[in-house]
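What follows is a short report on a single structure.
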Amino acid sequence: MKKIILLLIIILNFEYCYADNKIVYIDINNILNNSIVGKSISKHLQNIRENKSKEFKLIEKLLLDKEKDIIKKKNILEKNIYEEQVVLLNKEVSEYNIKKKNFNKEIEEKKVKYTKTVLNSLNSIVSKYVEENSISIVLPKKNLIIAKKDLDITNIIMNLLNNDLKEIAF
């Protein structure tokens, strides 16, 4: 009886020894921020923001000038005319705020759209790499506490992405 139990334990232990599960991890954020296409997306969005920022600063300056002008004329103008000008200024300010909010929303939508394009390409690259290298599991780096550096495939995948996708159509 003892021999049978010992034999079962030995067989079950050897079964686990033959299991060859290759597990690696990847830092998607690093790839999205530091790949050629990721940098081009960031640069493109930053250029759009900077150009629009100049326009927004000009509008803000005009609105502030109007506000100062209305405040200066407060004692000179009749009460109803003053209130009309304040209402008109408030309307312009709210329109400006809506315009700015819509612009920020539009930029965020573009960022999501471009990121999806890169992630679709990245997904096919990672899938191909996993098949070619007999990898069982690819984990995101953000969910790891500690792991060996030699299990990190981020740079390999980034190089494959840089060779495959240099830029996307804006």
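Structural remarks
- Residues located in region 120-159, provided they are basic (K, R), under 23 Å from the mean Cα position of the chain (by Cα) and either surrounded by 11 or more Cβ atoms within 10 Å (Cβ to Cβ) or modelled with pLDDT of 95 or more (or both): K141
- Cβ pairs under 7 Å, 6+ apart, first in region 95-115 and over 20 Å from E55 (Cα atoms), second assigned to a helix (DSSP H, G or I) and of a type in the set (A, V, I, L, M): K111/L45; Y114/I41; T115/L32
- Region 1-42 - residue that is among the charged types (D, E, K, R) and loosely packed, with under 10 Cβ neighbours inside 10 Å and, of those, modelled with the lowest pLDDT: E15
- Look at (1) in contact with a strand residue (DSSP E or B) (Cβ under 9 Å, 6 or more places away or on another chain); (2) of a type in the set (A, V, I, L, M, F, W, C); (3) in a helix (DSSP H, G or I); (4) exposed (fewer than 15 other Cβ atoms within 10 Å of the Cβ) and you find that L88 fails only one, number (1).
- Against the numbered list (1) of a type in the set (A, V, I, L, M); (2) touching a strand residue (DSSP E or B) at 6+ places or on another chain (Cβ under 7 Å); (3) under 17 Å from N29 (Cβ atoms); (4) open to solvent by 50 Å² or more (accessible area, probe 1.4 Å), V112 comes up short only at (2).
- Picking from residues in region 61-85 that are open to solvent by less than 80 Å² (accessible area, probe 1.4 Å) and assigned to a loop (DSSP other than H, G, I, E, B), the one that is farthest from N97 (Cα to Cα) is L77.
The values are calculated or read from the model by the stated rules, or taken from the named source; none is laboratory data. Model, not experiment: these values are computed from the prediction. Don't worry about glycine lacking a Cβ; one is built from the backbone with ideal geometry, like all the others, and counts go over all protein chains shown. In case anyone asks, the SASA skips ligands and DNA or RNA and just uses the protein heavy atoms, side chains included. Shrake-Rupley method; radii C 1.70, N 1.55, O 1.52, S 1.80 Å.
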